[in-house]
Structures are given as C-alpha cells and as structure tokens.
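The values are calculated or read from the model by the stated rules, or taken from the named source; none is laboratory data. Source: prediction; values computed, not measured. Positions of Cβ are generated from backbone atoms using ideal geometry, with glycine treated the same way; all protein chains shown enter the neighbour counts.
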Amino acid sequence: MIAETANFVAEICCMLFLVTLLGALVFRRKRTRSLLCIALLIIGELIAVISDLIFRVATSDKPVNGGLYFDFIISYAASIFLVCTFYWYALARFEEKGSAKFSMSMRRWITVYSAVLIGLFVSSVWTGWFFYLDEGGRLIYTDQFVWSIYPIIPLVLVDFIIIWRYRSVIGPLETAALFFYCVIPIAAAIADLFYGTVIVHLAVTLDACFLLEFIDAEQEQKLIRKEKELAEAQLTSLASQINPHFIYNTLGTIESLGRTQPEEARKLITAFSDYLSDNSMDMTTRPMIPFAEELSHVEHYLSIARVRFPNLNVIYDIKVSDFELPCLSVQPLAENAVRHGICRRRKSEGTLRISSEETENAYIVRVTDDGVGFDPDAVPERERPHVGIDNVTKRLALLCGGTLTIDSKIGEGTECKIILPKEGS
C-alpha cells in the first residue's frame, strides 16, 4: 500500500512538472528544432504518465486486470516514441551547434523502424505474441515478451554512436547528460519491471529538464554576447562622437586666437598637441581609465581654456582617486561649465570646482561652476541633445552602471554629479 501511494504521488508530481515545462515551451518566443523535439519528448512522457495514473486509479479498489493491459501498451509505445524523439533531438542539437548536416534518410529510417516496433507491439492485442488476458482478466506475459525489449537496443546504440562521434561539438557536460538520457531511463524501466515502481517516469522527466536547461544556458550566453557586441558598437559610436567634438571646439579656439593673439595661439597649439599625444584618449581600446588620468585630461583642457579665458579660477578638492571611470567623462563636463556657464558671465570670470569623494557604495565626482546657470525644466531651444552630456550619460550607463545628474539654477551656477557604483566599477 505504501509503495502504491508513493508511485501515485510520484506520477502526480511528474505530470504537474511536465505540464509546467510544456507550458513554458509553448510561450517561448524563439523556437528551435531542438526545443520542438524536447516538447515532443515531454508530450510522449506526459501521455505515458497520464495513462498510468488513469488505470492506476481505475484498478485501485480491485485486482489488477485488463486496465493494466492497455496501460502497458501505451507505456511501451511511448517508450519507443521517446527513444526515437531523442534521436531527432540529438541530430537537431548537433546541427545547431555547427556540426555537419545529417541526411533526411537517417531520420526516415529511424522513424519507420520505430513505427514498425510500435505497430508490432500494439498488434499483440489481437495476436497475443507478447502478452494476453486470461479468462479472469489478468495480464499474462508470454515467453516471447522478453524479446520485445531487444528491438529497442539498436535505437539506443545509434544514439550512443552519434553522441560519441560528435561529443566535441557540445562539450563534456552536455555529452554526459545525453549519455545519461540513454542509460538511466532504460535502467529505470528494468527496475520498474522487477519491482513495480515508476522510477522511469521520474528519470525521463528529470532528463528532459536537464536537456532544456542546456538549451536555455546556451541561449542566455548568446543573448549576453549579442548585448556585449551591441554595447561595444554603441561605445565605438560614442567614441567617434566625443573626440571630434572636443577637437572641433579646441580648433575653434585656436582659430579665434590666431587673429588677435598669435603668440597665445602658438602656445595653445603646443598644449593641444600634448593633449592629443596622450594615447589614453583612445576610448575603443581603453574605455575605463584611472581617475588620475581623467583628471590629467581635465587639466590639459583647462590649460587650453585659460589661454582664452584668463579670469577662469579652478579649484580641486580631490579626496579619493583610486578608482576608474569612463575615459573623457569629466572633461566634457568641465568644458560645458566653462563654455556655457562661466564664459557667458561678464569678463568670463568665474570659478570651476572639481571634487571627488567616496561613500560606502559609490564614488562621486562633482563638477561645479558659478556661471549663468539654466532652468533644467525649461524646454530646450534645440531639439538635438547636447553631444557631450548625452555621450557621457550613455557611456557611464554602459560601462559601469554609473549615472549623471545635473542641478542648475539661473544666476547661481550648475552642478554635475557623477555617481559610480563600486560594484559596477
């Protein structure tokens, strides 16, 4: 009685789990041939489990009789179907992983062979080759019943050969899982035959879950690779924007000085040449740099800016510098503070303050000016976003999960705050 209850509970659990897996496959957006084969595996096993449950309940209050007869037919046919479907799955999986294409004739032969086995066994209902019902309605196995298991062996051997031949395509872990799928259900079926258990249903259900897990893991890795490639493409695009943007602004300054202050223009060209010679400006090869190097970029830029704006005052309040941030993330903020904040004041006189500090969870960099300020809630005059600010915001988010916030008041100035989470860094 205890064993019968345990079998009943196990089959209920298998049925619920299989229905859940099948539902998850139905609502998937991306479907592949290997996923379709797993869905067929689940359907075949679900049919076998449901047939066991129906006839187990039907014969629970009386001796085992003809109900088990039909139950066994369905279970045996399902087992052959599962072996055949696993063969389809293995071929589909190897083709998806990049191995050679398999001919359709191989699939046809396995399918026809499996169909013949199912038909041969089901025909025993009328021929009595493998089992029959006696006058009392009891199931009687014939001497030929043992031979009904042997035709499945060639199917399993074909699976073994294919898995072994293409084991390098899928890797050791998935190869082991495929071998286990060939061995464990068969061993469980033999145990069920002698001890009357339902271990085979548990084995097939768990194996189907493992096979699905490998596909999920692979698809997740593909998604991560695509997201990484997209992020790299975005960073390359952003890098192509920020460098010409800075160069254009600097050349404009040199041009304006060349007309009235040629000596200062020559100094500016020298400073600009030193700036360009710093190979850490290449954001495609070094997207993240130490804060000290970024601060050096800022100092180079401000040395150029002071040539045009001699009344510019700069204050550094650096409390921490042993962290990294995206290349050219502070310099554009300092440039905006000078060009759009301080230089619009009378005599272009003002103070730029650059500070850094550390909190428990993040590093914070502030760029503050006492320029003309602006209304953050006002509708911008131009539809096109500012290249520098937009660029910095996107690269902070892509590279380290950082954020940029801007707080400004008209007539008082602007504060730009970069927050770099330590986990992201």
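If only one of SER60, SER105, SER99 is over 24 Å from PRO185 (Cβ atoms), at pLDDT 80 or above and either of a type in the set (Gly, Ala, Ser) or in contact with a helix residue (DSSP H, G or I) (Cβ under 6 Å, 6 or more places away or on another chain) (or both), which one is it?
SER105
Quick one: which of ASP207, ASP159 is under 16 Å from ALA78 (Cβ atoms) and either more than 29 Å from the chain's Cα centre (by Cα) or of a type in the set (D, E, K, R) (or both)? Spell out the reasoning first.
Details: ASP159 fails: under 16 Å from ALA78 (Cβ atoms).
Criteria check complete, one pass: ASP207.
Please determine, by comparing only the residues of region 21-54 that are over 19 Å from VAL200 (Cα atoms) and of a type in the set (S, T, N, Q), which one is surrounded by the fewest Cβ atoms within 10 Å (Cβ to Cβ).
So the residue we want is THR32.
Go over the candidates PHE210, PHE160, PHE194 one by one and state the one that is modelled with pLDDT under 75 and of a type in the set (Phe, Trp, Tyr).
Answer to the selection: PHE194.
Scan LEU16, LEU40 and give me the residue that is without any contact (Cβ under 8 Å) to a residue 12 or more places away in the chain, more than 14 Å from ASP216 (Cα to Cα) and assigned by TED's automatic domain parsing to the domain that holds GLU218.
Just one listed residue meets the conditions, LEU16.
Does ARG138 satisfy the condition of being of a type in the set (D, E, K, R) and modelled with pLDDT under 75?
yes
What are the pairs with Cβ atoms under 8 angstrom where one residue, in region 196-221, is in contact (Cβ under 8 Å) with a residue 60 or more places away in the chain and the other, located anywhere, is surrounded by fewer than 18 Cβ atoms within 10 Å (Cβ to Cβ) and of a type in the set (Ser, Thr, Tyr)? Sequence gap at least six, or different chains.
What qualifies is ILE215/THR32.
For every residue, the table says whether it meets (1) surrounded by 16 or more Cβ atoms within 10 Å (Cβ to Cβ); (2) part of a helix (DSSP H, G or I); (3) in contact with a helix residue (DSSP H, G or I) (Cβ under 9 Å, 6 or more places away or on another chain).
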{"position": "VAL112", "(1), (2), (3)": "no, yes, no"}
{"position": "ALA115", "(1), (2), (3)": "no, yes, yes"}
{"position": "PHE121", "(1), (2), (3)": "yes, yes, yes"}
{"position": "TYR132", "(1), (2), (3)": "yes, no, yes"}
{"position": "TYR150", "(1), (2), (3)": "no, no, no"}
{"position": "ASP159", "(1), (2), (3)": "yes, yes, yes"}
{"position": "VAL169", "(1), (2), (3)": "yes, yes, yes"}
{"position": "GLU174", "(1), (2), (3)": "yes, yes, yes"}
{"position": "PHE179", "(1), (2), (3)": "no, yes, yes"}
